[in-house]
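A short worksheet on the structure shown next.
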Amino acid sequence: MLKRSSSLAVTVMLSAAACESTGPGDTGGGGGGGSNSASVTFHRDVEPILHKSCLSCHSNGRIGGFSLEKYEDVRPLAASIVAATQSRAMPPWGALSTEGCEPRFPFKGDISLSDEELATLQAWADADAPEGDVADAPPPFVPPPLGLPNKAQTLAPEEPSVVEGDSDLFECVVYDPALTEEKWIDGIHLVPGNAKVAHHALTFRTSREDANTLSGGTGRFPCFGGAPGQIVHVWAPGGNPFELPKDVGIKLTPDDVLIVQMHYHPTGTSVEEDSSEVELRYSDVVPPYQFVVTFPGNAANGEDGLLPGPNDRGEPEFRIPAGVSDHTETMEIVIPPEIIIEVPILMAMTHMHYVGTDIRLDIERPFSASQPLEECLVHTPQWDFNWQRMYTYDTPIDQLPKGKAGDILKLTCHYDNSMGNPFVKKALTEQGLSAPVDVVLGEETLNEMCLAPLGILVPSSIDL
Ligand code: HEC
């Protein structure tokens, strides 16, 4: 299914690489690796890949835990690097170009590896990880800034979160920017306080009133699926600040606060505290577009959008039966008549919980003069709850994919509700269960979702 990681493609390219390097007299000694060592070296071929896709996390003091900066450090890890990259566990980047889905534009900050890069890493490991000539090395790695450039405000919680025990903790924490006038955010970032336990964070814009009701005035409350309001930022370890493109902002009024849903992963052995910070930057002018996230998907039983599925008992139902390892739910959401103008889509995200394995969003346009009639917007074929991201198209606003009234958003979600799914096994264990249970739509850990938050650009003059 995965186009880029198809083992066939990798094999073909590997043999091509081997052929190229097999010069006259290079046929005997040194085993299979001898010939490759002439063509693939650490400094020339491997180091640039590590710079592009790995060092933002695997360099000194960053979340990856160990450094992949120096040849001496990388060499002994050659085999595990091949295993982690071929399985697509590393680098953690979910949106891939697949056989059925090739998004029209690249995503900003895409660190996923191409087939060629995977083959290069493998050929290098097969050749016994040669160093090569240091003169071939790329320029020194410059780590991306850990904070938001030119930030205007830093928000911190009043009290730290306490993370202990051995179950994952989901906590919503209120951050109050205390604005006295309306402002437009053009950059936002979450800075984890304690990298040992901060696993993931979703930031929402919510009214102060709702936040107070939910937290009973304490500034925090337990939450799993998310918080009410508008999602404005997603952070995963190593995540970059979300800097909106020129002409785009997120409206924040004096009545608004931010709620960060923190996902903590306890160490299991120690009591940890975390005070993660939210950094904000504001635009000097009211930008022409506001960034708004809509949530197509999650069609419930009895709703039009939910299509018939393989395990329905009668009417279409959102139910993933216990023990079924290849269940699919599909939904079709028609963009409502109010959207009379074509709306640019800047960001596409996918969202499921622990049973989900693969989720994809397509758009079908019954008629359009400017847009393809069918287009895949995003596909995360190896869904991983722990590494959710916002995928932002890297193209000028006027070229972004667009949607309008009557266009159909199609969601296809696959699930594995068996003990063969390690995330299901872990979630069940945490709930004290020993066998899978039927999973239905909902907010809890052992509920599921089939959702594709879409970041659209709406004229700022429209009051939302
Ligand atoms: C966004 C941060 C991030 C990036 C980028 C990243 N890693 Fe990792 N890596 C981690 C973290 C965190 C772990 C620890 C295990 C975990 O949480 O998944 C890890 C673990 C590993 C492991 C240990 C085995 C495993 O699969 O858990 C290897 C090997 C590895 N990374 C290699 C790489 C390589 C090679 C790249 C680049 C192609 C890369 N990583 C890019 C964060 C990252």
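Using Cα centres only, tell me the gap between the range 253-277 and the range 402-427 in whole Å. After rounding, the separation between the Cα centres reads 26 Å. For the range 153-284, relative contact order (Cα pairs under 8 Å, six or more residues apart, normalised by length) works out to 52 percent. Return the long-range amide H neighbours of L346 (sequence gap of 5 or more, or a different chain), with a cut-off of under 5 Å between placed amide H atoms. Amide H to amide H, under 5 Å and 5 or more residues apart or across chains, L346 pairs with G455, I456, L457. Simple spin-label estimate for N60 and N212 gives 4.8 nm between the two label positions (7 Å along the Cα-to-Cβ direction from each Cα). Could you tell me the center-to-center distance, by alpha carbons, between the range 57-103 and the range 359-400 in angstrom? Result: 24 Å between the Cα centres. Multiplying the residue separation of N240 and V162 by 0.36 nm and subtracting their alpha-carbon distance yields 25.6 nm. Give me the percent of accessible area attributable to carbon and sulfur for the range 153-284, probe 1.4 angstrom. Looking at the range 153-284 in its full context, I get 44 percent from C and S.
In the chain, the DSSP-assigned H stretches of four residues or longer account for a calculated mean residue ellipticity at 222 nm of -4500 deg cm²/dmol, using -39500 (n - 2.57) per stretch and the full residue count as denominator. Amide H contacts of I339 (H built 1.01 Å from N, in plane; Pro and chain starts excluded): A405 sit under 5 Å, all sequence-distant by 5 or more or on other chains. Note on the chain: antiparallel DSSP beta bridges, both residues inside, total approximately 95 percent of the bridges counted.
Applying 1/(1 + (r/R0)^6) with r as the Cβ-Cβ distance of E273 and L373 and R0 = 56 angstrom yields a FRET efficiency of 0.60.
In the range 66-141, Cα pairs under 8 Å separated by at least six residues give a relative contact order of 34 percent. Estimated from the Cβ-Cβ distance and a Förster radius of 56 angstrom, the FRET efficiency linking M419 and D463 is about 0.65. Inter-part distance, the range 104-118 to the range 162-186, computed on C-alpha centroids, equals 31 Å. Each peptide among 401-407, 156-162, 430-436 gets the average number of other Cβ atoms lying within 10 Å of its residues, and from highest to lowest they stand as 401-407, 156-162, 430-436. Where Lys and Arg each count +1 and Asp and Glu each count -1, what net charge lies around C413 among other residues with Cβ under 9 Å from its Cβ? After counting each charged neighbour, the total is -2.
Assuming R0 = 41 Å, can you tell me the calculated FRET efficiency for the pair F295 and A79, based on Cβ-Cβ distance, to the nearest 0.05? Efficiency, rounded to the nearest 0.05: 0.45.
Can you pick out the pairs among K108/K251; K196/K426; K108/K425; K52/K196; K183/K404 whose Cα atoms lie more than 30 Å from each other? Distance filter (> 30 Å) returns K108/K425. Roughly what angle does helix 115-126 make with the longest principal axis of the chain, taking Cα atoms, 0 to 90 degrees, to the nearest 10? Tilt of helix 115-126: around 40 degrees.
Scalar couplings 3J(HN,Hα) for the range 209-220, obtained by applying the Karplus form with A = 6.51, B = -1.76, C = 1.60 to θ = phi - 60°, are 4, 4, 4, 5, 4, 5, 9, x, x, 8, x, 7 Hz; x denotes Gly and Pro. Here the peptides 183-193, 249-259 are ranked by packing, the mean other Cβ count within 10 Å, and the order with the highest first is 183-193, 249-259.
Subtracting the Cα-Cα distance of E332 and V134 from their residue separation scaled by 0.36 nm leaves 65.8 nm.
Structural descriptor for the chain: relative contact order 17 percent, calculated from alpha carbon pairs under 8 angstrom and at least 6 residues apart. What is the list of residues in the range 220-235 whose amide nitrogen lies under 18 Å from a point 7 angstrom out from the Cα of A152, following Cα to Cβ? Hits in the range 220-235 for A152 at 18 Å: 232-233.
Taking 0.36 nm per residue of separation and subtracting the current Cα-Cα distance, fully stretching the chain between I339 and T429 would add 27.9 nm.
Each residue, D394 and S114, gets one label point 7 Å from its Cα in the Cβ direction; the gap between the two is 1.2 nm. Per residue, the range 153-284 exposes an accessible area of 40 Å² to a 1.4 Å probe, with every protein chain left in place.
The values are calculated or read from the model by the stated rules, or taken from the named source; none is laboratory data. The shown structure was predicted, so the numbers you read here are calculated from the model rather than taken from an experiment. FYI the Cβ positions are ideal-geometry reconstructions off the backbone, even for glycines, and counts take in every protein chain you see. The area values use the complete protein model at the heavy-atom level, side chains included, leaving out ligands, DNA and RNA. Shrake-Rupley method; radii C 1.70, N 1.55, O 1.52, S 1.80 Å.
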